[in-house]
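The values are calculated or read from the model by the stated rules, or taken from the named source; none is laboratory data. Everything numeric here is computed off the predicted structure, so don't read it as measured data. When we count neighbours, we look across all protein chains shown, and the Cβ atoms used for this are built from the backbone with ideal geometry, even at glycine. Surface areas here come from the heavy atoms of the whole protein model, side chains and all, with no ligands, DNA or RNA. Shrake-Rupley method; radii C 1.70, N 1.55, O 1.52, S 1.80 Å.
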Amino acid sequence: MVDSGTESDLLSAEALNGEMWAFGTGGIAGKSLDGGLTWQFDNFGTHDWTHSDSGFDSIAIASTSGAVIIIEEIGEGEEDIHDDIPPVPTQERVNAIALTGSQSLVAVGHSGEIWQFDGVTWNNRSMGGVEDLLSISFLDSNAGLISGQGGTILATSDGGVTWDYRDAPNEVSSSNISLVEYYSDIRAYAITEQGHILKSSKQGSVSVGFVWSIVEIEREYPPGGGDDFLPGGIDLDYQVNSMEVIGQFKMVLAGPKGYLALSLDGGNIVSQQMIPVSNETSFHAVAMQDGFNGVAVGDDGVILRTENAGAEEFVGFEVIDFNDFGQFVDYSKERLIDGLVATAKIVLFGIAMGFSIGIILSMLKTSPTSLKNVAQTNRFQLITFALLPFWALFQLALAIINGILLLLRSGLGLPTKSLENPIGIQISELRQKSAQIAANKPLNITAIRLVGSVLLVLGFFQIFSTLDEIRALNLDGWEHIYAPVGSPASFALILLGIALIILGVVFASCNGDFSIKDLHWGASKRKFSINPWGIRPLNTIATVYTDIFRNTPLIVQFMFIHFGFELGRRIQEPGLELFNFDYLEGHANFLTNIIVTYDTNPDSLAYGRPIGGILEDRAYISAIFALGLNSGAYQCETIRGAIAAIPSGQMEAGRSIGLNYMQTMRLVIMPQAVRICIPPLGNEMVNLVLNSSLAMVIGYAEITRQGKLIIATTFQIFWTWGMVMISYFVITWSLALFLRYLEEKTRIPGLGISGGA
Amino acid sequence: MSDPILSVKDMEKTYVGGVHAVRGVSFDVLEGESLAIIGSSGSGKSTVLRCINRLIEPTKGVVRLKGEQINTPASNINSVRSRIGMVFQSFELFAHLKVIDNVSLGLIHVRGMSRDKAREVAKQVLDRVDMLDRTDAYPGNLSGGQKQRVAIARALAMKPEVMLFDEPTSALDPELIGSVLETIRGLAEEGMTMVVVTHEIGFARDVADRVLYMDEGVVAEEGPSSIIDEPKSERMRAFLSSINE
């Protein structure tokens, strides 16, 4: 790894007479006189120098638009820059260039364009073909090869004036041959976009270029070597950007996603090299001074230098020294940042989910609806409840229709008129009926008792019909506490049965008196009160929820939810079914992008697979739910505490001006309660961030897990965990600062004790 | 004699836990009349008041507003409450809302007014209680007297048929009481029907048309405001003398 001093993407590189050159975006050009150790960068115009070739004491560079510069060496470290070369008169784009002399070159481009520059003007040497020509290479000033789309191979023996077709092997007759290299008079190599390596040798008197064969790739070694390898087949799994042949059998290949590979036997065994930069770096060119010394250049100004390409089979390029803190950080930072992003994602969704659940649960817990209210409902109210969803549906549709009507009528100058919700009319009639009933006959005790008896019967029936399933579990004594796991459905049914029996007893014993009952215990004076009509069913539901989530460890919840319940899979599979690739093609918007995004690049290996969004990763889904569900239970209690801190007079005041219960909650209680609970909620959110580290147990690549992976590679335990800690601190501290700001921003003037700064 | 606007008949309230706070209270309030309820702490005054607009559900009895029974499930309690203004001892302004929003909240969400219209009405009402210059203040930055006047404005904005005052001056410093009493007096003179639970005997004497003395959940004595000077019952006499000390 060399400090290049530039951040621009480097697109091409050349080695010439002991000097190294690298060229890149925005006209950037760099030179190194010491074999690639130190670099000086300059700007040659503003074009992206995508193509280059060297030879004849010159380097030619060209952009896809046709701009050309020739750099002519005139002495040790000195050169003439010929930037007055007329641009290639290309119709579309230039794909490659090759020097045929110190001032002459040939350029190829799209749709079969071939242009030859003789030092003065460009001559059109196109063959009339339509295939895009992708690469050109000259052995000397006369013999050259061109490769292109659809297995095209052209050859010349007169410096590019006339060209002849050559035959590519059948297997690649429809492939695009993206690179060709005329290495010597007995050897030339070419490579296709699929990664087929083609080889042509001089056979007897038949010169190079006539007969091509596909190299059988026996083994592909992953970076780091070792004894593990992948069987290669006839192609590499990579799309190679650059090929540098440095011997009859020796070549270096460079490509995207950190691909830098070396073959010592003409492609039979290809070993990928360990690189000291991110695996995401794209390498665009390799330039070798000789068989061992050279550089590879890529995105973001990355220049890698080697002095022993091929000396050691698996470790060609410079290996990072993990004992050097700078290099260690350079290596681990990208992983940490990946982890940071992954953590932030589950934390954000977790907080949102937890807060929503918390608000809902706290409202349930504080809701005053008791069994008494349930008993007092009459049939018209029940019908009203049943109708409400339909009313909402109609209301939504009508809002849209009315909006359109309003636009149309106002556009035509007609008086505006909006449609009424028919169900709304029904509901208001029902409400009147229910009010009349309530006035005339406030309580239908017979009906309540009847409902109670039915519930009682149903409850007993439920329990006795499911007890057998519990018995079938063959549990003994205290082992029964595990029955909920052994048979979740029947356990839930038994709970339901018990609840029905309790409801049934209460309802069946109704005599119109809803007050608290005092019971005397036998002959003794001990008295205790029961208040069955004060049971609040909504509160009970919320309490069961919070009790479950607050009384089990989060790490176990993570594993139960992900591995046990497989929540991730259960959501991902139907989710992907719903938002499938074909549906999202053309329908994708920013909302669906949050849910899932697919790889839409047909050339990519991941084509058609989810590559982003919540549904991409099961562990991601499970982590969000585990954090959100758990945090919701805690946030519920925090918010409930804040609601309890609002003086009861506020509810009275709200009700006294005619607001109903939900309106008062929404407009009066909640706005104040949420302000009160910002500090404890901040506590809870910071906790959530820290708890998110437990997501590593389900294989989610958040920051703690990334730390473990870094240690697995680098063995730097102190540094890694230290950096992980600092990363967490940065997140939670900025969250805390934000909450402090929020608290200050939403503070009600004149309220509360101000503790100063 | 015209029909009473507000009529309470045989009201009883037993709290959960068995406290029998109100034991059969009946009274009528005529249009434009102001009724003062006095009595010692725990005598059930505030309970009676809260039972009228059903912030507390009376155990027994009938409450009628303009002849219509309002303590049945049949009556729409929210619309009934919006017809009965209530002012609390501890103001109970909505601390997170500005003065103007406190007053216009009910207009927007109960009366369904537009925001601008509601603010307009709110300003008129605030002008009436002499608080127009503090419309953009938060309740936390107001003095007790100002808060109570905003609370009165909040109730007034709904154009109530009856106003209930629950010890409107008990939480105020003596020097702040004056402005609030002045406001209430002004309302009484304009003909607002009101029921005032108060410890301000002087105020009851001056402003109230009738006085109701409650003791231990029952109406111990009832009559024109002159009964304060000449109480008939022993209990009321004892109560008044304990206050005057």
Q: Give the peptides B:181-192, A:328-339 in descending order of average Cβ contacts within 10 Å, highest first.
A: A:328-339, B:181-192
Q | Neighbouring partner chain Cβ atoms per residue of B:94-102, average, 10 Å criterion | A | 5
Q: Taking the Cα centre of chain A as origin, sum charge times position over the Cβ atoms of Lys and Arg (+1) and Asp and Glu (-1), and report the length of that vector in debye to the nearest 20.
A: 8360
Q) Hey, can you list the residues from the range B:1-45 whose accessible area shrinks by 10 Å² or more with all protein chains present, relative to the chain by itself (probe 1.4 Å, no ligands or nucleic acids)? A) B:Val16
Q) How much FRET efficiency would the formula 1/(1 + (r/R0)^6) give for A:Ile445 and B:Arg205, where r is the Cβ-Cβ distance and R0 is 56 Å, rounded to 0.05? A) 0.65
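For peptide B:48-54, what's the mean number of Cβ atoms from other chains within 10 Å of each residue's Cβ?
Numbers: counts 0, 0, 2, 0, 0, 4, 2.
Average neighbour count from other chains, rounded to a whole number: 1.
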Q | Approximate spin-label separation A:Leu348-A:Thr540, in nm, with each point projected 7 Å along Cα-to-Cβ | A | 4.1
Q | Per-pair calculated FRET efficiency, R0 = 35 Å: B:Lys9 and B:Asp229 via Cβ, rounded to 0.05 | A | 0.75
Q) What is the helix-to-structure angle for A:445-471, meaning the angle in degrees between its Cα long axis and the longest Cα principal axis of chain A, kept from 0 to 90 and rounded to the nearest 10? A) 50
Q) Counting only the heavy atoms of the protein chains, how much of A:Trp39 is accessible to a 1.4 Å probe, in Å² to the nearest 10? A) 30
Q. What is the distance, in nm, between label points placed 7 Å from the Cα along the Cα-to-Cβ direction at A:Phe581 and at A:Asn551?
A. 4.8
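Quote the FRET efficiency, to the nearest 0.05, computed for A:Val485 versus A:Glu76 with a Förster distance R0 of 56 Å and r equal to the Cβ-Cβ distance.
Numbers: r = 81 Å, r/R0 = 1.44.
Using R0 = 56 Å, I get an efficiency of 0.10.
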Q: Per DSSP H run of at least 4 residues, take -39500 (n - 2.57); add these up for chain B, divide by its residues and hand me the 222 nm value, nearest 500 deg cm²/dmol.
A: -11000 deg cm²/dmol
**Q.** Three-way shape call for the range A:397-506 based on the alpha-carbon gyration tensor, with the a/c threshold at 1.5
**A.** oblate
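How shielded is B:136-147 by partner chains, expressed as the average number of their Cβ atoms within 10 Å of its Cβ atoms? Provide the component values of the computation, followed by the final result.
Numbers: counts 0, 2, 5, 4, 6, 4, 1, 0, 0, 0, 0, 0.
Mean inter-chain Cβ contacts per residue within 10 Å come to 2.
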Q: Under a cut-off of 26 Å between alpha-carbon atoms, report the lysines in cross-link reach of A:Lys199, not counting same-chain residues fewer than 8 places apart.
A: A:Lys250, A:Lys257
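Apply the a/c threshold of 1.5 to the C-alpha gyration tensor of the range A:47-87 and tell me whether it is rounded, prolate or oblate. Spell out each step's value before the answer.
Details: a/c = 2.52, a/b = 1.88, b/c = 1.34.
It is prolate, given that a/c is not under 1.5 and a/b is the larger ratio.
Nearest 100 Å², what total accessible surface is buried between chain B and chain A (probe 1.4 Å)? Intermediate results must be reported in sequence, preceding the final value.
Values: alone 11290 and 38880 Å², together 47880 Å².
Buried: approximately 2300 Å² between A and B.
When the convex hull of the Cα atoms of chain B is projected onto a plane and the area is averaged over all directions, what value comes out in nm²? Could the numbers behind the result be given before it?
Values: hull surface 54.7 nm².
Average of the hull's projected areas for chain B equals 13.7 nm².
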Q. To the nearest 10 degrees, how steeply does helix A:678-691 sit against the main Cα axis of chain A, on a 0 to 90 scale?
A. 50
Q: Towards the positive end of the charge dipole of chain A, with charges on Cβ (+1 Lys, Arg; -1 Asp, Glu), say which of A:Met662, A:Ile594, A:Ser263 has the farthest Cα.
A: A:Met662
**Q.** For chain A, accessible area per residue (1.4 Å probe, heavy atoms of protein chains only), Å²
**A.** 50
Q) If you rank A:Arg536, A:Arg747, B:Arg50 by how much accessible surface each has, with a 1.4 Å probe, what is the order from largest down? A) A:Arg747, A:Arg536, B:Arg50
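Classify the range B:89-170 as rounded, prolate or oblate, taking a ≥ b ≥ c as the square roots of the eigenvalues of its Cα gyration tensor: rounded when a/c is under 1.5, otherwise prolate if a/b is larger than b/c and oblate if not. Could the numbers behind the result be given before it?
Working: a/c = 1.69, a/b = 1.25, b/c = 1.36.
Judged from the Cα gyration tensor, the range B:89-170 comes out oblate (a/c at least 1.5, b/c at or above a/b).
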Q) What is the Cα coordinate range of the protein assembly as shown on the first, second and third principal axes, sorted by size from largest, in whole angstrom? A) 139, 75, 64
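Can you compute the helix-only [θ] at 222 nm over chain A? Use -39500 (n - 2.57) per DSSP H run of at least 4 residues, normalise by all residues, nearest 500 deg cm²/dmol.
Values: 19 runs with 299 residues, N = 757.
Value at 222 nm, helices only: -13000 deg cm²/dmol.
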Q.
How tilted is helix A:717-746 with respect to the longest principal axis of chain A? Cα atoms for both, answer in degrees (0 to 90, nearest 10).
A. 50
Q. Hey, got the dipole for the range A:45-105? About the Cα centre, +1 on K and R Cβ, -1 on D and E Cβ, debye to the nearest 20?
A. 440
Q) How far apart, in nm, are two points set 7 Å out from the Cα along the Cα-to-Cβ line at A:Asp158 and at A:Leu495? A) 9.0
Q: For the range A:529-546, take each phi angle, set θ = phi - 60°, evaluate the Karplus expression 6.51 cos²θ - 1.76 cosθ + 1.60, and give the result in whole Hz per residue in order, putting x for glycine and proline.
A: 10, 10, 10, x, 6, x, 4, 10, x, 5, 4, 4, 4, 5, 5, 4, 4, 5
(Q) Using Cα-Cα distances under 8 Å and only pairs 6 or more residues apart, what relative contact order does chain A have, in percent? (A) 8
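Convex hull over the Cα atoms of the range A:59-132, averaged projected area in nm²? Please list the in-between numbers first.
Details: hull surface 18.5 nm².
Averaging across all directions leaves 4.6 nm² for the Cα convex hull.
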Q.
Using protein chains only and a probe of 1.4 angstrom, how many square angstrom of B:Val218 are accessible, to the nearest 10?
A. 50
**Q.** Area accessible to solvent at A:Asp300, 1.4 Å probe radius, in Å²
**A.** 90
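Over chain B, average the accessible area per residue using a 1.4 Å probe and give it in Å², no decimals. Intermediate results must be reported in sequence, preceding the final value.
Details: 10160 Å² over 245 residues.
Per residue, chain B has an accessible area of 41 Å².
Arrange the residues A:Phe385, A:Phe590, A:Phe528 by how much accessible surface each exposes, largest first, with a 1.4 angstrom probe.
Numbers: A:Phe385 125, A:Phe590 150, A:Phe528 80 Å².
Largest accessible area first, the residues go A:Phe590, A:Phe385, A:Phe528.
Counting only protein chains, not ligands or nucleic acids, how are A:Tyr221, B:Tyr138 ordered by accessible area (probe 1.4 Å), most first? List each step's numbers first, then the result.
Values: A:Tyr221 25, B:Tyr138 60 Å².
My answer, sorted largest first, is B:Tyr138, A:Tyr221.
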Q: Specify which residue in the list A:Met723, A:Ala342, A:Gln149 is farthest towards the positive end of the charge dipole of the protein assembly as shown, using unit charges on the beta carbon of Lys, Arg (+1) and Asp, Glu (-1), about the Cα centre.
A: A:Ala342
